[in-house]
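The next block holds one structure in the form of structure tokens; read it before the comments.
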């Protein structure tokens, strides 16, 4: 199992829409997350001192080929439609890697 933390900005004018979407995630989205070996998935929201809102996601990957599972999820038509309504709410970080939408984070501490 590998833990992942990621961060992305959230457009202030889309804050309530994003919360509403995630309060009632489309039922067909959730099985794909599970089928792609993602467990214990959470998204947190915080307004930082710069006045901007940020989302922090945490999940555990229990599969053996993360790239293949993420490609499978990205190819799923329902997931594509879900992302199409969520992405306009998000504001990717300028310093993220070229292949990222959500910026990956380095784990510097963990305690079970």
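The values are calculated or read from the model by the stated rules, or taken from the named source; none is laboratory data. For clarity, every value in this text was computed on a predicted model and none was experimentally measured. A quick note on method: Cβ atoms are made from the backbone with ideal geometry, for glycine too, and the neighbour counts reach across all protein chains shown.
Annotations
- Residue 18 satisfies every condition listed in (1) modelled with pLDDT under 95; (2) part of a helix (DSSP H, G or I) except (1).
- Residue 3 being in contact with a strand residue (DSSP E or B) (Cβ under 9 Å, 6 or more places away or on another chain) and surrounded by fewer than 15 Cβ atoms within 10 Å (Cβ to Cβ): yes
- The one condition in (1) touching a residue at least 40 places away in the same chain (Cβ under 8 Å); (2) within 14 Å of the chain's Cα centre (by Cα); (3) farther than 17 Å from residue 11 by Cβ that residue 66 fails to fulfil: (2)
- For the stretch 21-46, the set of residues classified as surrounded by 12 or more Cβ atoms within 10 Å (Cβ to Cβ) and within 12 Å of the chain's Cα centre (by Cα) consists of 22, 33, 38, 41, 43, 45, listed by residue number.
- Some residue of the stretch 29-46 being free of Cβ contacts under 8 Å to residues at least 40 places away in the same chain, in a strand (DSSP E or B), more than 16 Å from residue 3 (Cβ to Cβ) and in contact with a strand residue (DSSP E or B) (Cβ under 7 Å, 6 or more places away or on another chain): yes
- Members of the stretch 47-77 that are surrounded by 13 or more Cβ atoms within 10 Å (Cβ to Cβ), under 19 Å from residue 96 (Cα atoms) and touching a strand residue (DSSP E or B) at 6+ places or on another chain (Cβ under 7 Å): 52, 53, 54, 55, 56, 57, 58, 59
- Within the span defined as the stretch 94-104, one or more residues are assigned to a loop (DSSP other than H, G, I, E, B), crowded, with 16+ Cβ neighbours inside 10 Å, at negative phi and touching a residue at least 60 places away in the same chain (Cβ under 8 Å).
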